[in-house]
1. Please indicate, with yes or no, whether at least one residue in the stretch 148-168 is over 27 Å from LEU108 (Cβ atoms), at pLDDT below 80 and open to solvent by 70 Å² or more (accessible area, probe 1.4 Å).
2. Could you tell me whether LEU27 is touching a His at 6+ places or on another chain (Cβ under 8 Å), modelled with pLDDT of 90 or more and within 26 Å of ARG178 (Cβ to Cβ)?
Amino acid sequence: MALAVIIPVYNEEKGIERHIAEIDRILTADGIGHTFMLVDDGSRDNSWAALRRLSQSMDNVRAIRFARNFGKEVAICAGLDAIDEDLYLVMDSDLQHPPRCIKGMMALMERTGADIVDGVKESRGTETAKTKLLAKGFYKVLAMFTGLELDNSSDFKLMRRKVIDAIRVMPERNRFFRSLVDYVGFERVPFGFATDDRDDGTSRFSTKKLLILAFNAILSNTNKPLYLPLVLAGLSGLGAFASLLFIILRACLALTVTGTQWLMLSLFVCTALILLSVGITGAYLARMYDEVKGRPLYLISERL
């Protein structure tokens, strides 16, 4: 079956031609028919000129260029939309996703009949302690808010056409590719791999971009933050109840109840009522959030 290799590109002029040639060499040697779909995500260097040279020298290279930088997640989805094949492989352009693993991923899919072969990082290579800590924290926060267990997951995925068709019908603008693949379901199997070092030694993914990705991923996959005022309203209500018990206890013991204590009780009650009102509004916004996204109610894996 023909394989479409989707690769987002951002400021990769130094190594992109060498990297694509290496991936092509390995896939050809493994007897895997393939076509590259390269997406220039508004690069500020000469990446597009390098992609143009690749398309002129290699018959199996296609490329599209964004008018500006829309982000890696959008670039991946644009690549998936731009080509029709039987199988789709998403990978990075820097060879950290080892092309030597692709044959094994295809063999695993054939052997198990799975629709998705999910690349899982067994080793993160020579990443710095800061990068590893940020990545671990990102997945922990994402799991806490959304329930998505994506620890050590990656964009290195092999998927059948029906999985891509399911992702294509999702109209939402703010996307997190890994969560979309998780949402559509289908039969999936993990494939462990160790990341290789970047060929040019520099990462384009900064701490700022990781934080923005985490924020967008949470907002795109859960409405739980909208219910936070209801939780705070409950805590304020408990505070009001505790203050009231304290005042009653002092009255029963014939002790003086000061104005400060009444003020504290009033503040707890008012805060609880305000947060309750905001929480109810948030609950309705959460319903609107789910409706506006427009995701399909169900997805059919197979038909007879």
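The values are calculated or read from the model by the stated rules, or taken from the named source; none is laboratory data. Computed from a prediction, not measured in an experiment: that's the story for all the values here. Backbone-built Cβ (ideal geometry, glycine too); neighbour counts: all protein chains shown. The area values use the complete protein model at the heavy-atom level, side chains included, leaving out ligands, DNA and RNA. Shrake-Rupley method; radii C 1.70, N 1.55, O 1.52, S 1.80 Å.
1. Within the stretch 148-168 (the criterion being over 27 Å from LEU108 (Cβ atoms), at pLDDT below 80 and open to solvent by 70 Å² or more (accessible area, probe 1.4 Å)), the answer is no, since none of the residues qualifies.
2. Here the answer is yes, as LEU27 does meet what is asked.
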